[in-house]
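The values are calculated or read from the model by the stated rules, or taken from the named source; none is laboratory data. None of these values were measured; they are calculated from a predicted model. Here Cβ is always computed from backbone atoms with ideal geometry, including for glycine, and neighbour counts include all displayed protein chains.
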Amino acid sequence: MRSLFLALSLAILGVAPAAAQVVVPAADEGLPDDFHGKVQYFGNHSGEVRATVPGTPRRTDTTCPKREGGCPELIGGSFQAELEFDGDIVRGQYRGTGGMRPSTLIGRRSGANCRLFDTTDGSVWSGRCDREAFIGSVRSVPNAPEQIELVFETVGVNTVDFYQRERDLELVRAYDRLGGIVFGDGAGEARLDAILELQSYFVDPGKAYRSGTLRNVERQSEKKNSPIYSVYGEYTRRDGANAWARAQFEYDRFVCIETSIEPGYCRTIDPTPPEIEPTDDIFASLGLPVTTQGS
């Protein structure tokens, strides 16, 4: 999937004219209002910079023949951004090639629409920001010594949900602690206890198993000493309600578990824990160029 996103991002690297207007498409898959996480984007930018105050440092070695300044400088190239969302608060950083200086952003979003401010020069970044894309335009504040008019277009190449990531890390730790018992060869109360502990990560927290409350455990089978059997027990949920569970086994191999939460449905549990995606700089892992501050 990541390679598909990268292929899409590379396909949009043609730089648009400086005066072009970005058409911001409607968001197909927005972020939840309470989303806490980050999205990394890759695409391109295009625009122009004008020094309105004589002596303002230029972005290149070119000189402006006008004594009062005002000579435009075209910029454009690849563009990388990372936005971190905490509800409607948005913080981010960006970098690019072709004359763009790296900086950071802060602002707010309403749905899929962002209005952000550059912490270096106060320029306004506005447009769409969600899981799929970061697309919009940049304009400098009036009377700024360097005026910029810029459009940018990117696709989201990686999303990290901080809440889900923490849940996944908890689940991985639970697999480390319980997996050997759940998917081992033993039977009886200790194994049903471990299965209920692990199963708790897949149900509503209030309906999950309250540790240490398992009782009245018994083995059930149609024939005595049958290799196909179940282990039944009663327990208390975290919300205080009484519940029951029945784990199915074949030749001591755990098959599935049925509980009073979902009577008639026997839930299987994947013996493999979830894979935790790295949260470091995806651009570095993809071998994309890195622009350092002040270059």
If only one of 182, 151 is closer than 30 Å to residue 246 by Cβ, buried (at least 19 other Cβ atoms within 10 Å of the Cβ) and modelled with pLDDT of 90 or more, which one is it?
182
Inspect all residues belonging to the stretch 110-119 and state whether any of them is buried (at least 20 other Cβ atoms within 10 Å of the Cβ), in the same structural domain as residue 88 (by TED's automatic domain parsing), acidic (Asp, Glu) and in contact (Cβ under 8 Å) with a residue 40 or more places away in the chain.
no
Which residues, taken from the stretch 120-138, are without any contact (Cβ under 8 Å) to a residue 40 or more places away in the chain and either farther than 17 Å from residue 43 by Cα or of a type outside the set (Gly, Ala, Ser) (or both)?
120, 121, 122, 123, 124, 125
Test for residue 98: is it loosely packed, with under 14 Cβ neighbours inside 10 Å, at pLDDT below 95, in the same structural domain as residue 131 (by TED's automatic domain parsing) and small (Gly, Ala, Ser):
no
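Kindly indicate whether any position in the stretch 213-234 is in contact (Cβ under 8 Å) with a residue 12 or more places away in the chain, closer than 27 Å to residue 163 by Cβ and over 34 Å from the mean Cα position of the chain (by Cα).
Within the stretch 213-234, not a single residue is in contact (Cβ under 8 Å) with a residue 12 or more places away in the chain, closer than 27 Å to residue 163 by Cβ and over 34 Å from the mean Cα position of the chain (by Cα).
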Of those in the stretch 90-136 that are touching a Gly at 6+ places or on another chain (Cβ under 8 Å) and charged (D, E, K, R), the residue nearest to residue 152 (Cα to Cα) is 128
Looking at the structure I just gave you, is residue 218 within 19 Å of residue 269 (Cα to Cα), in contact with a Phe, Trp or Tyr (Cβ under 7 Å, 6 or more places away or on another chain) and modelled with pLDDT of 90 or more?
no
Those strands (runs of 3 or more DSSP E) completely within the stretch 219-265 that have 2 or more residues that are in contact with a Lys or Arg (Cβ under 8 Å, 6 or more places away or on another chain) and of a type in the set (Val, Ile, Thr) are 228-236, 253-259
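Of the residues in the stretch 232-255, how many are on the phi > 0 side of the Ramachandran plot and surrounded by 16 or more Cβ atoms within 10 Å (Cβ to Cβ)?
Residues in the stretch 232-255 being on the phi > 0 side of the Ramachandran plot and surrounded by 16 or more Cβ atoms within 10 Å (Cβ to Cβ): 0 in total.
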Are any residues in the stretch 158-213 in a helix (DSSP H, G or I), basic (Lys, Arg), in contact with a Phe, Trp or Tyr (Cβ under 9 Å, 6 or more places away or on another chain) and over 18 Å from residue 253 (Cα atoms), and if so, which ones?
167
Report whether or not residue 120 is assigned to a loop (DSSP other than H, G, I, E, B) and β-branched (Val, Ile, Thr).
yes
